[in-house]
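Structure record follows, encoded as structure tokens.
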Amino acid sequence: MITVGKIKRFVGKSMQGEELDRAEIVKTGIRYDRMVALVSVDGANNRKLISQRTPGCQMLALVKARVDETSRLIHFAFPGGAAASVPMDMGANLPAEKLESFDLHGDPVLGIDCGDEVAYAFQNYLNAGRQLSSISCRLMLLPPQAPRLISKAHADFPRWPVSYADKVHILAIGKMDEFNNIAAGKLDPKAVPLKEDSLRANLKLKGLRPYGEDFIGRVRIGRDVVLDFRRSAERCSIITVDQDTGEIYNPLAVKLLAQVRSERTGEQVPLLGALAVVETPGWIQTGDKVEILSWRSLPEVVAGMDDGQRDAFYARHGIWPASRPDLP
């Protein structure tokens, strides 16, 4: 049986996540997930997203961003004791033409500038001890009056509202053993195991075998929530960053992942995890059953297998066709 093993929310894009026992799933994903983002306001990267990919900004992983629904504030806590807060509802009545525009990985998006105090707090943190040129930035809040839509570049996804997440609503992963085992055994005996937290997934699906998320399509979680998984997730350099220290711990992670995946797909693409859109909102909690409603297309190689080979393939990847409910 597949169940929800872990739920994580990342209020700040590229900032520290928080583990939840229970979460509300809305049309944009987990409520309050990636609702604020940091943006550069000078130099060649003017009006571009600042993330853990930005040189010298891996330490964003250590900034805590938490929502307080009672006070309607977003609180930020920095290593060393500094703190700042911004109202969750600030700028909600601004007309769309007063919103700020910035570049999120090539996708033009809008935001509400959260003001000088929190911007200076981030600048002081990111520039402390910095040897390179200093960073000037602003914090942007996702505007309710001008929802961001999934980019037209992702033709396999509907044009639904989305937060400042990359591409879509929910990122889920299953077990990671196979990647680490292959990397250490076949590719590089000195390979550093990939840390689960570095994938920054919203959901960990317990009971799903390694890469099983490649094949799931529509799923029901608990009583109400329905997610539609559309594609595997291509990983970036953030998977090289230790989310507990804010330092690069595994510089070869992207390359090794691409090599491992090439054995399965024939392409050197670093895929791990799956991306989903929210079809039916509701509440989920850890331990909820995940019911598979449909599967995505399986690799063409399956078509050439006999029944025994196909069953072994299904078992290896955690796929349980209705005709074989006895598979573990």
Problem set entry | Around D224: net Lys/Arg minus Asp/Glu count, Cβ-Cβ under 12 Å | -2
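Given the rule -39500 (n - 2.57) for each run of at least 4 DSSP H residues, summed and divided by the residues of the chain, what is its mean residue ellipticity at 222 nm, to the nearest 500 deg cm²/dmol? Numbers along the way, then the final one.
Values: 4 runs with 41 residues, N = 328.
Value at 222 nm, helices only, nearest 500: -3500 deg cm²/dmol.
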Problem set entry | Length gained when the stretch D156-A128 is fully extended (0.36 nm per residue, less Cα-Cα span) | 5.8 nm
Seminar exercise, completed: Simple spin-label estimate for T245/Q145, 7 Å along Cα→Cβ, in nm, reads 4.6
Exercise. From largest to smallest, what semi-axes in whole angstrom does the stretch 1-137 give when each is the square root of 5 times an eigenvalue of its alpha carbon gyration tensor?
Worked result: 25, 19, 16
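Counting Lys and Arg as +1 and Asp and Glu as -1, what is the net charge of the other residues whose Cβ lies under 10 Å from the Cβ of D242?
Numbers: positive: K195; negative: D197, D244, E247.
Result for the local shell: -2.
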For this session: Using only alpha carbons, build the gyration tensor for the chain and give me the equivalent ellipsoid semi-axes, biggest first, whole Å.
Result: 35, 23, 17
Problem set entry | Cα-projected label distance for S262 with E24, points at 7 Å along beta-carbon direction, nm | 4.7
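In what sequence do D311, D156, D214 fall when counting other Cβ within 10 Å, fewest first? If you can, show how the numbers build up before the last one.
Working: D311 17, D156 10, D214 25.
With the sparsest Cβ surroundings first, the list reads D156, D311, D214.
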Exercise. Which of R138, R148, R130 comes first, and how do the rest follow, when ranked by fewest Cβ neighbours within 10 Å?
Worked result: R130, R148, R138
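Sort M88, M1, M35 so the one with the fewest other Cβ atoms within 10 Å of its own Cβ comes first. The partial results should precede the final answer.
Numbers: M88 19, M1 8, M35 23.
Least to most surrounded, the residues fall as M1, M88, M35.
Provide the net charge surrounding G56, with neighbours chosen by a C-beta distance below 14 Å and charges set as Lys +1, Arg +1, Asp -1, Glu -1. Before the final figure, lay out each step's value.
Working: positive: R53, R130; negative: E247.
Result for the neighbourhood of G56: +1.
Every number here is computed from the coordinates shown, using simple stated rules; none is lab data. All values derive from a computational prediction rather than experimental measurement. Cβ sites come from the backbone with ideal geometry, for glycine too, and all protein chains shown count toward neighbours.
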